[in-house]
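The values are calculated or read from the model by the stated rules, or taken from the named source; none is laboratory data. For clarity, every value in this text was computed on a predicted model and none was experimentally measured. We place every Cβ from the backbone using ideal geometry, glycine too, and count neighbours over all the protein chains shown.
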Amino acid sequence: MNKLERILTIGAKNSVLAKLRSWGIPPANVAVLVVLILAPLVIRDQYILHLMVVSLLFGAQTIVFDFTTGFINIVNFGFAAFVGLGGYTSALLVTGLGLSPWLGMLGGVITAGMLGFLTGVLTLRLRGIYAAVMTWFLGLALMALTAVEVDLTRGHWGLNVPLLASAGSKPTYYYVLLAMMVVIYFVLRVVIHSNIGLAFRAIGQDIEAAQSSGVNPTKYRVLNFTLACAFAGLLGGFYAHFVGVLTPDVMSTDKTVEVLALSYIGGRGTLWGGVLASFIFIPLFEYLKSLMELRLVIYGLLLIAVMLAFPDGLVGLLRRTVALIRKTRQERKVSQ
């Protein structure tokens, strides 16, 4: 390769990197995506692939959860209920009307999004802990309603749901969920790096200052909450057709707490930090089954450690490590 070709190649690479950065997508995230795409081609063990699907599912949920918590500073303690609502909606549309699972998942998106909009209109005018408490009460109400409507949902007996693919087709589930997660991440990143996202940040940092600057907090909070709930419904629909059985426990508060913990441990306000935490802790708890019952306690201890030592979570720790490595390399170059 001659000098001109090298210059053109470097220029093309820089233009691609600049384009990715303009979209709010760090090149490192693209590299991670490439690894995730190639992983099933190398990993043949069905059990490991199953763990990767579960990690992706939790990771995708943390992205959606962090979109609300990390940017408008509202903790949706009813998050699992919206996931469960999407799952039950999809399951009932498929089993009751004979629709395909894809249309069922679309129905889950619409239903969860509509309930998210109504919930936001009614509760997001409240400040502080009140909005979080109201979403928690809504989650408890939805779980109780699902449990008592036995004729429709079969309650705690469990609702059988047609699978999206055969039970042994883990790569199919993996790639479908990976595509969903990429779309969710890309859409939310684009929103965050728009003027709307600027309003989200302003509201999350200082709602009074944002309001005095002409930002309508309720409007943007409802928009954020509705979009997050719609994506939660999509992931719930996938979960239903991946697991094959739904019970009201899918809406329990401890499911929300686990997503919250992974999101904060990964790095609040980063979107992808929770994905990193999910791929670390979900397989870890699975392999160390003796710790499974204590996972919420361990998550709590990790949250305390993160808040005290690493407020930016694993992402912040990773960034500090990379910055330290770069600084060390520069010092070596200078010394040479």
Of the criteria (1) more than 20 Å from A240 (Cα to Cα); (2) surrounded by 17 or more Cβ atoms within 10 Å (Cβ to Cβ), which one V109 fails: (1)
Selection from the stretch 226-258 of residues that are assigned to a helix (DSSP H, G or I) and over 14 Å from the mean Cα position of the chain (by Cα): T226, G237, A240, H241, F242, V243, P248, D249, V250, M251, T253, D254
Sole residue being among the hydrophobic types (A, V, I, L, M, F, W, C), over 15 Å from the mean Cα position of the chain (by Cα) and buried (at least 18 other Cβ atoms within 10 Å of the Cβ), chosen from L294, L314: L314
Residues of the stretch 199-218 classified as assigned to a helix (DSSP H, G or I) and loosely packed, with under 14 Cβ neighbours inside 10 Å, total: 4
Per-region count, the stretch 160-183, residues within 22 Å of G98 (Cβ to Cβ), among the aliphatic types (A, V, I, L, M) and touching a Gly at 6+ places or on another chain (Cβ under 9 Å): 3
Extreme residue, farthest from P162 (Cα to Cα), among residues of the stretch 81-139 that are in a helix (DSSP H, G or I), out of contact with any strand residue (DSSP E or B) (no Cβ under 8 Å at 6 or more places or on another chain) and among the hydroxyl-bearing types (S, T, Y): Y130
Residue that is surrounded by the fewest Cβ atoms within 10 Å (Cβ to Cβ) [pool: residues in the stretch 112-144 that are in contact (Cβ under 8 Å) with a residue 40 or more places away in the chain and polar (S, T, N, Q)]: T119
Pairs where the first residue, in the stretch 310-331, is without any contact (Cβ under 8 Å) to a residue 12 or more places away in the chain and the second is of a type in the set (D, E) and part of a loop (DSSP other than H, G, I, E, B), C-beta under 8 Å, 6+ apart: R319/D312
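Each row is one residue, and each column tells you yes or no for (1) under 30 Å from T95 (Cα atoms); (2) in contact (Cβ under 8 Å) with a residue 24 or more places away in the chain.
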| residue | (1), (2) |
| --- | --- |
| R221 | no, yes |
| A232 | yes, yes |
| L246 | yes, yes |
| D254 | yes, yes |
| V275 | no, yes |
| F285 | no, no |
| L291 | no, no |
| R295 | no, yes |
Cross-chain or 6+ apart pairs with Cβ under 9 Å, the stretch 37-51 first and closer than 9 Å to K170 by Cβ and touching a residue at least 12 places away in the same chain (Cβ under 8 Å), then surrounded by 14 or more Cβ atoms within 10 Å (Cβ to Cβ) and of a type in the set (S, T, N, Q): none
Members of the stretch 145-175 that are surrounded by fewer than 20 Cβ atoms within 10 Å (Cβ to Cβ), part of a helix (DSSP H, G or I) and either out of contact with any Leu (no Cβ under 9 Å at 6 or more places or on another chain) or in contact (Cβ under 8 Å) with a residue 12 or more places away in the chain (or both): L145, A147, V148, V150, D151, L152, G155, H156, W157, P171, Y175
Some residue of the stretch 10-18 being in contact with a helix residue (DSSP H, G or I) (Cβ under 8 Å, 6 or more places away or on another chain), farther than 19 Å from L284 by Cα and modelled with pLDDT of 55 or more: yes
